[in-house]
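The values are calculated or read from the model by the stated rules, or taken from the named source; none is laboratory data. If you're wondering where the values come from, they're calculated on a predicted model, not measured in any experiment. We place every Cβ from the backbone using ideal geometry, glycine too, and count neighbours over all the protein chains shown.
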Amino acid sequence: MPRQGAGREIRLFLAYGHLGRRASARALAATTFQSEQAFGTLAGRLVALGQIERRPGGGRRIAHYLTPSGEQVLAAGHRIADEVLNTCFAPLGDAERTTLLRLLRRLTGGVDADADA
């Protein structure tokens, strides 16, 4: 089961995972299922918490990067996600997990979630 304390909102975890990958604010907003304006508000909160910093990008673009504190939060989120996934898929053996992964890749057209990073 998910633990509390390492992060209250899944959109924060989603945002952390894409920061510093040259993603535009528009792409980060889409990744976190928010409007660009809502993502701007979220980014402002993360700056205030010391978890991200904004730097000039190309042209009018503003780049968002994790701070060391933000990297720690992301690492904690990955540990929790790994625990949850291990619990959820524990009933499946290795062969069943491999089959499930193959079927999911077929359903998504072979799209890798990290491919656009």
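Taken as a whole, the structure leaves residue 95 outside the set of residues that are closer than 24 Å to residue 24 by Cβ and either in contact (Cβ under 8 Å) with a residue 24 or more places away in the chain or in a helix (DSSP H, G or I) (or both).
Within the range 55-86, the only residue that satisfies the criterion of being among the acidic types (Asp, Glu) and loosely packed, with under 12 Cβ neighbours inside 10 Å is 82.
Yes/no matrix, rows are residues, columns are (1) surrounded by 13 or more Cβ atoms within 10 Å (Cβ to Cβ); (2) modelled with pLDDT under 65:
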| residue | (1), (2) |
| --- | --- |
| 10 | yes, yes |
| 16 | yes, no |
| 19 | yes, no |
| 24 | yes, no |
| 34 | yes, no |
| 38 | yes, no |
| 43 | yes, no |
| 48 | no, no |
| 53 | yes, no |
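Restricting attention to the range 23-33, the residues being assigned to a loop (DSSP other than H, G, I, E, B) and either under 18 Å from residue 63 (Cβ atoms) or touching a His at 6+ places or on another chain (Cβ under 8 Å) (or both) number 3. Only residues that are under 27 Å from residue 41 (Cβ atoms) and either modelled with pLDDT of 90 or more or part of a helix (DSSP H, G or I) (or both) were counted across the range 58-92, and they come to 13.
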